[in-house]
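The structure appears below as structure tokens.
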Amino acid sequence: MPDKASGRVRITDIGPPNYEDFLPDIIKRNYGKWKYHDYIKPGVMFHVSESGEKLYTVRVGSIRLLSSDTVRTIADLADKYCKGHVRFTTRNNIEFLLDSDENIDNLIEDVNETLGFPVGGVKKCIANIVHTQGWLHCHTSASDASGVVKSLMDELYDYFITEQLPAKVRIGFACCLNMCGSVGAADISIVGIHRRPPHVLVDRVNDLCEIPSVVSACPVDAIKPARTEDGKPTVEIDEDRCVFCGNCYSVCPALPIADPLNDGLAIFVGGKISNARMKPTFSKLAIPFIPNNPPRWPEVIDAVKTILDAYKEGAKPLERVGEWIERIGWPKFFRITGFEFTKYHIDDFRLGECTMNYSNHVTL
Ligand code: SF4
Ligand code: SF4
């Protein structure tokens, strides 16, 4: 709550402050009373309330890992144009919220000059790619989030600043199967995958790890306690059971999983969380493995561009990637993209059965 004497919001160390304290006045006045929204140009939209008030949003693509200087510049712009209000979307877009359209062009000019970030990502565009930590921060990563996403967005830049697609396309990136990025339901999901079990540093497990925690960290019971030749406690991994998730490495640094030859990326397509036209859907596997190829990952970029070109060519207006594929049929999707359909596309994990098609209704 704002402090009565100073009017400032008090920040404590106990939990996050109530988000309502940070809402712009126009949102507080019209909370729950928004009638509709519309678009002015790529990156700029407005919401209209029952009272007739309009809230303008300017969406700016960010690089996600921001320096404190950049955050200060963003805050200065928010002070100058938006009475201090700015927000970050779940896809790391920066959104400036204005209560009039007077300053939109000045704000965009200032953003270009001071931040050098593009304005766009709204409507039939590709928004910022939501992504995870990658080699920079996370021990479990099978690929580099920032590297792949930067390479990809350099190529897809025009799709951010102009409307060229049948509908919005959301791309997600997670650097391992833990999927911290929202890849489960993105139109195009890129997921880092390991293909070998962790390497057990047999002599170090007892010094570095709590063995019962390591054993219980495995979701498929692939780890069991064992003994070294000289009788020290350690663990062993059943390679046939391991699904290369990396959970055990999170609790035990003596089980490193990174493997330069066998780590790489998989691409999934067709997920979405909106319930317009079709129910929310998980993404499905399109390409089971692409080797890591830093610093620009050209094979990943080619694959994503192939999907986008086919989608642009074949989808009806407002049809999302998954809706388009369901309409034309998965066999045709593989045919027109040229992606090979392999045994790895068949879901044979626990409960995989419930994802299979039991009817003879197949679109070829
Ligand atoms: S997706 Fe995996 S590797 Fe990437 S940040 Fe999350 S846990 Fe770490
Ligand atoms: S990587 Fe995952 S599945 Fe494999 S042993 Fe470790 S916890 Fe188990």
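The values are calculated or read from the model by the stated rules, or taken from the named source; none is laboratory data. From a predicted model like this one, the values you see are computed outputs, not experimental measurements. Here Cβ is always computed from backbone atoms with ideal geometry, including for glycine, and neighbour counts include all displayed protein chains. Ligands, DNA and RNA are stripped out before the accessible areas are found, and what is left, the full protein with its side chains, is counted by its heavy atoms. Shrake-Rupley method; radii C 1.70, N 1.55, O 1.52, S 1.80 Å.
Table: residues versus (1) modelled with pLDDT of 95 or more; (2) under 30 Å from Met153 (Cβ atoms).
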| position | (1), (2) |
| --- | --- |
| Ala185 | no, yes |
| Ser189 | yes, yes |
| Pro225 | yes, no |
| Gly231 | no, no |
| Cys242 | yes, no |
| Val269 | yes, yes |
Residue check: is Arg204 among the basic types (Lys, Arg), touching a residue at least 40 places away in the same chain (Cβ under 8 Å) and either away from ligand 2 (no atom under 12 Å from the Cβ) or buried (at least 16 other Cβ atoms within 10 Å of the Cβ) (or both)?
yes
The residue that is modelled with the lowest pLDDT, considering only those in the range 316-355 that are surrounded by 12 or more Cβ atoms within 10 Å (Cβ to Cβ) and acidic (Asp, Glu), is Asp347
Given Lys284, Lys224, Lys232, Lys272, which one is basic (Lys, Arg) and open to solvent by less than 10 Å² (accessible area, probe 1.4 Å)?
Lys272
What do you reckon, is Ser143 modelled with pLDDT of 95 or more and part of a loop (DSSP other than H, G, I, E, B)?
yes
Only residues that are open to solvent by less than 10 Å² (accessible area, probe 1.4 Å), within 13 Å of ligand 1 (Cβ to nearest atom) and farther than 23 Å from Asn275 by Cβ: list them for the range 142-173, please.
Ala142, Ser143, Ala145, Val148, Phe173
Of the criteria (1) of a type outside the set (A, V, I, L, M); (2) more than 16 Å from ligand 2 (Cβ to nearest atom); (3) crowded, with 17+ Cβ neighbours inside 10 Å, which one Cys138 fails
(2)
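I need the full set of residues from the range 231-260 which are more than 24 Å from Leu177 (Cβ to Cβ), in contact with an Asp or Glu (Cβ under 9 Å, 6 or more places away or on another chain) and assigned to a loop (DSSP other than H, G, I, E, B), in order please.
Hit for the range 231-260 is Lys232, nothing else.
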Looking for something over 19 Å from the mean Cα position of the chain (by Cα), modelled with pLDDT under 95 and more than 16 Å from ligand 1 (Cβ to nearest atom) - is there at least one such residue anywhere in the range 280-297?
no
Can you tell which of Ser216, Ser182 is open to solvent by 40 Å² or more (accessible area, probe 1.4 Å), away from ligand 1 (no atom under 16 Å from the Cβ) and among the small types (Gly, Ala, Ser)?
Ser216
Filtering the range 152-179 down to residues that are more than 16 Å from ligand 2 (Cβ to nearest atom), in a loop (DSSP other than H, G, I, E, B) and either within 17 Å of Phe289 (Cα to Cα) or among the hydrophobic types (A, V, I, L, M, F, W, C) (or both) yields Leu165, Ala167
If we keep only residues of the range 26-75 that are in a helix (DSSP H, G or I) and touching a residue at least 60 places away in the same chain (Cβ under 8 Å), then the residue surrounded by the most Cβ atoms within 10 Å (Cβ to Cβ) is Ile26
Output yes when any residue across the range 268-279 is within 16 Å of ligand 2 (Cβ to nearest atom), on the phi < 0 side of the Ramachandran plot, part of a loop (DSSP other than H, G, I, E, B) and not β-branched (Val, Ile, Thr), and no when none is.
no
Taking the range 214-248 on its own, how many of its residues are more than 6 Å from ligand 2 (Cβ to nearest atom) and hydrophobic (A, V, I, L, M, F, W, C)?
4
